[in-house]
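The values are calculated or read from the model by the stated rules, or taken from the named source; none is laboratory data. Note that the coordinates shown come from a computational prediction; the quantities given were computed from them, not determined experimentally. Heads up, the Cβs are rebuilt from the backbone with ideal geometry, glycines too, and the neighbour counts pull from every protein chain shown. Remember, those area values only see protein heavy atoms, side chains included, never the ligands or the DNA or RNA. Shrake-Rupley method; radii C 1.70, N 1.55, O 1.52, S 1.80 Å.
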Amino acid sequence: MTAAGGRGLEIGIGARYRDVISHRWPVIVAPQSEELLSSWLHRLAIANGVAPRDFARVLGPASGPGSGLWSASLDLRLPTPVAACLLTHTGVSRQKLVAMSLTRSAWRPLLLPLRSRGRRGRSTWLQYCPCCLAEDAQPYFRRRWRLSTGISCPDHGCGLRDRCRSCGSGIAASGQPDLVPQHLCVRCGADLRRAPKVAVSAAARRIERCIDDICRLEAVTGRLTGKLGGSPLLQRLPAIAGLAPTSTLSGLSASARRRCFEQLARTPCTWLTAGDDGVAVHWRRLILAAGGTSALMGQFVEALERDRHLQASPPRRAPKVDLPALLAAYRDIRERPPRPR
Ligand SMILES: [Zn+2]
Ligand SMILES: [Zn+2]
């Protein structure tokens, strides 16, 4: 480039220019403990000045731009081009991306169905605890809030909600057209954190904990043939409780599932310990007797999970030995004259 008047003003691109530009997006948002992938995507979009509704276009055509629950679909199936885009632009590891998604989840049969506008009495796809959202520095949605067997918050003891208390609509942060946090209802702008606590009895929460522990144990061991999480038994809970004979558990709203667990807590749990698999029945009885997440059972399941993870990781290769060099060193030591005393 030459300045007017003939004075030579040259602007060149230095060798360090490539250090200045970057493929990374301006703001990187760290995933939080047990955060759902879609929740992280919404926070990432807002932090970078893009409304969640438009962020699917940033991630490319494989992310399903234009569909209502595009981010919730990515929770279930993360296409390779979308994962590659996120890896390039955020630097978050592939391992963390997979951990946030539900693509390899053993709990898939128990997930709430993707339904953005469930009618009253029908489930919506995601639940939340107002107290957890209120305590979060940056409110986010947890993976466990996708489960139909989850009816309460283990930290606060209150019932989970699946709708905005003001307008009755489900959680639809993926359709948010404005740059506002995801704890505000997309339809009416109400703050989800201000919803009153819902009471759940200790007995119902105990049943919930036992079912959660049994499913975890059977998913981790893979040796038990009971497979409660994958069996239709849990889906038949509304009928077992005598509330809705033709409904499945994941088809019910959060309040209906809560009523179902309250009803189950009033009767003996023989429905859970029936079956031909003696080993599975034995473990279920033990968990029921312990009342769910006793510290011991929690540690046991975590140890099994660690063990399975170690077995799944590729075996370490033994370091290569340079045999000729080793033998030469041995010969040198043998042939070295002894030190004078
Ligand atoms: Zn909570
Ligand atoms: Zn609302």
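Points to keep in mind about this one:
- Under 5 Å from the amide H of Cys158 lie the amide H atoms of Cys153, each residue being 5 or more positions distant or on a separate chain, with H modelled from the backbone and absent for Pro and chain starts.
- Gain on full stretching of the segment that runs from Thr246 to Arg165 - 0.36 nm per residue minus C-alpha separation: 26.4 nm
- Å² per residue, accessible surface of the stretch 79-130 at 1.4 Å: 49 Å²
- A simple rule links phi to the HN-Hα coupling: the Karplus curve 6.51 cos²θ - 1.76 cosθ + 1.60 with θ = phi - 60°, which for the stretch 157-173 gives x, 8, x, 7, 10, 10, 9, 6, 6, 7, 10, x, 7, x, 6, 9, 4 Hz, with x for Gly and Pro.
- Taking amide H as placed 1.01 Å from N in the peptide plane, Arg122 has its amide H under 5 Å from the amide H of Ser253, each at least 5 places away in sequence or on another chain.
- Highest average packing first - 122-128, 186-192, 275-281, Cβ atoms within 10 Å: 122-128, 186-192, 275-281
- 13 Å beta-carbon shell around Ala289, net charge (K/R +1, D/E -1): +3
- Rounded to 0.05, the FRET efficiency of the Val58 and Ala106 pair, given R0 = 30 Å and the Cβ-Cβ distance, is 0.45.
- Shape call, the stretch 252-295: gyration tensor on alpha carbons, a/c limit 1.5: prolate
- The stretch 187-198 - phi-based ³J(HN,Hα) in whole Hz, Karplus 6.51/-1.76/1.60, Gly and Pro as x: 7, 10, x, 5, 8, 5, 5, 8, 5, x, 5, 9
- Charge dipole magnitude, Cβ of K and R +1, D and E -1 - the stretch 141-224, Cα centre, debye nearest 20: 100 debye
- Cα-centre dipole for the stretch 115-270 with unit charges at Cβ (Lys and Arg positive, Asp and Glu negative), debye to 20: 440 debye
- The stretch 80-124 and the stretch 195-210 have Cα centres spaced 26 Å apart.
- Here's the picture: charge each Lys and Arg Cβ at +1 and each Asp and Glu Cβ at -1 in the stretch 96-224, and of Leu147, Thr221, Pro109 the one pushed furthest to the positive end of that dipole is Pro109.
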